[in-house]
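S.K.: Got a structure here, written out as structure tokens. Questions coming.
Nothing in this text is a laboratory measurement; each read-out follows from the coordinates by a stated rule. Small disclaimer: the values here were computed from a predicted structure and weren't measured.
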Amino acid sequence: MAIPTRTIFFSVLVNNPDEKGQPPSKEIIGGILTFTFGAAYETCQNALAWTLVLLAQHPQITAALAEEIDRAVGGGLPSMDKISTLPLLDGVTREGTRLFPPVPLQFRRSLIETELGGTRIPAGTRVLTSAYLINRNPELYSEPQKFIPERWRSLNRSPR
């Protein structure tokens, strides 16, 4: 039985045929689900752990963040509506993942010939990108080695 939505990743997985036009096998679905859960869990866990380390090293930011959260929830429980109104929390999470990206290196394959940084990249070439180095580029971020969550109040970087 097909799941009717195309917006949920797992429904797309189970409702799309393989390269032979057949529904994916239980082994394929299980393997992809296991890999996806593991990858999502590990990256989220790493991002949270490094952000907590940064907060432990910056007690003034931690105190300001706790005050911002306390003010927003007003003794109640946090909610997504309340979380979206916390600029320091947003800055802390962005800055934590900027300094310690959960996926610091990625390989991509160029689909077409292009030029990158003055270098010709033929179609089909594997290119290594380093979010770790890009996020420490002083041309993109002033004082790139420092944990400055407030920088995100005026930055509007593309997620790409």
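S.K.: Out of residues 5 or more away from residue 121 or on other chains, whose amide H comes under 5 Å of its own, with H placed 1.01 Å from N in the peptide plane?
M.R.: HN-HN under 5 Å from residue 121: 114, 115, 116.
S.K.: Cross-link candidates for residue 146: which aspartates and glutamates have Cα within less than 12 Å, leaving aside residues fewer than 8 places away along the same chain?
M.R.: Correct list for residue 146: 95.
S.K.: From the phi angles alone, apply the Karplus equation (6.51, -1.76, 1.60; θ = phi - 60°) to the stretch 101-107 and give each ³J(HN,Hα) in whole Hz, x where the residue is Gly or Pro.
M.R.: Computed from phi, the couplings for the stretch 101-107 are x, x, 10, x, 10, 9, 9 Hz.
S.K.: From largest to smallest, what semi-axes in whole angstrom does the chain give when each is the square root of 5 times an eigenvalue of its alpha carbon gyration tensor?
M.R.: 35, 27, 14
S.K.: Measure nothing fancy, just the Cα-based angle from helix 59-73's long axis to the longest principal axis of the chain, in degrees from 0 to 90, nearest 10.
M.R.: The angle comes out near 80 degrees.
S.K.: Any chance you could give the angle, 0 to 90 degrees and rounded to 10, that helix 26-57 forms with the longest Cα principal axis of the chain?
M.R.: Roughly 20 degrees, rounded to the nearest 10.
S.K.: Collect residues whose amide H, placed 1.01 Å from N in the peptide plane, falls under 5 Å from the amide H of residue 127; neighbours closer than 5 in sequence don't count.
M.R.: HN-HN under 5 Å from residue 127: 108, 109, 110.
S.K.: Continuing with this model, one more query. With θ set to phi - 60°, apply the Karplus curve 6.51 cos²θ - 1.76 cosθ + 1.60 along the stretch 81-96 and write out the HN-Hα couplings as whole Hz, x wherever there is a Gly or Pro.
M.R.: Karplus-based 3J(HN,Hα) across the stretch 81-96 equals 4, 6, 4, 5, 9, 10, x, 5, 4, 4, x, 4, 5, 5, 5, x Hz.
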